[in-house]
Amino acid sequence: VEGRRWMATALVFEAAEDILHVVPAADLGVVRRLLELCHHRISPGSVGTTIIYLLTDAEQPAGRRRDDGVRVEAMKISVLDAAHEPLVLHQARYRDGAMLVGRGGQLLAVNVILLSEKASEEAVPPMKGTRHTSAARHTYDCPDVLAFVVSADGPVTVFNDGKRIADLRG
């Protein structure tokens, strides 16, 4: 409620369940927590970021199109641990590249640059902005990931297999 105006915002738990219908390999707890971080913490701060969530334990099989970024797994930061939230938010705010999150919710790398292959450039047209386009194309090239994209102006979009599978508006 804002003054006399009632607003309805997207419910994170509903969006998480919708994502699992499309991508059953995802972990519901990690997906829900990533949506909460993106929608309730990162987005209200007018911060744009991309989080790549690995759907398998294999971090980067041959042929995957992203660099190593800055490795942070030694810090043992988990998106599932509320005590680590300030560390995750700091990385979102002060890093340009994507954050890479492992299947169990551990933060593996930051400043990851997503590169696209010719096939994804032909199959996935440019969209809203560079962050959205690169995330969508990366999920086309790597269908074993989800990409959570937070726009600096608020909305959160989730991509898989080159397609938008969820949107959360502010």
Next on the checklist: Let me confirm something: among Glu122, Glu73, Glu117, which residue is over 18 Å from Asp141 (Cα atoms), modelled with pLDDT under 95 and not hydrophobic (A, V, I, L, M, F, W, C)?
Outcome noted: Glu73
Checklist entry - From the list Ala109, Ala135, Ala119, which one is among the small types (Gly, Ala, Ser), in contact (Cβ under 8 Å) with a residue 12 or more places away in the chain and part of a strand (DSSP E or B)? => result Ala109
Checklist entry - Within the group Val72, Val22, Val79, which residue is surrounded by 14 or more Cβ atoms within 10 Å (Cβ to Cβ) and more than 23 Å from Pro155 (Cβ to Cβ)? => result Val72
Next on the checklist: What's the number of the only condition in (1) closer than 23 Å to Gly162 by Cα; (2) surrounded by 16 or more Cβ atoms within 10 Å (Cβ to Cβ); (3) not small (Gly, Ala, Ser) that Leu89 fails to meet?
Outcome noted: (1)
Checklist entry - Just checking, how many residues over the stretch 141-161 are without any contact (Cβ under 8 Å) to a residue 60 or more places away in the chain and either crowded, with 21+ Cβ neighbours inside 10 Å or touching an Asp or Glu at 6+ places or on another chain (Cβ under 6 Å) (or both)? => result 3
Checklist outcome for this item: Within the stretch 98-108, residues among the small types (Gly, Ala, Ser) and open to solvent by 10 Å² or more (accessible area, probe 1.4 Å) come out as Gly104
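The values are calculated or read from the model by the stated rules, or taken from the named source; none is laboratory data. These numbers were taken from a predicted model, which means no experiment stands behind them. Neighbour counts run over all protein chains shown; Cβ positions are idealised from the backbone, glycine included. Just so you know, the surface numbers come from the protein's heavy atoms only, side chains and all, with ligands and any DNA or RNA stripped out. Shrake-Rupley method; radii C 1.70, N 1.55, O 1.52, S 1.80 Å.
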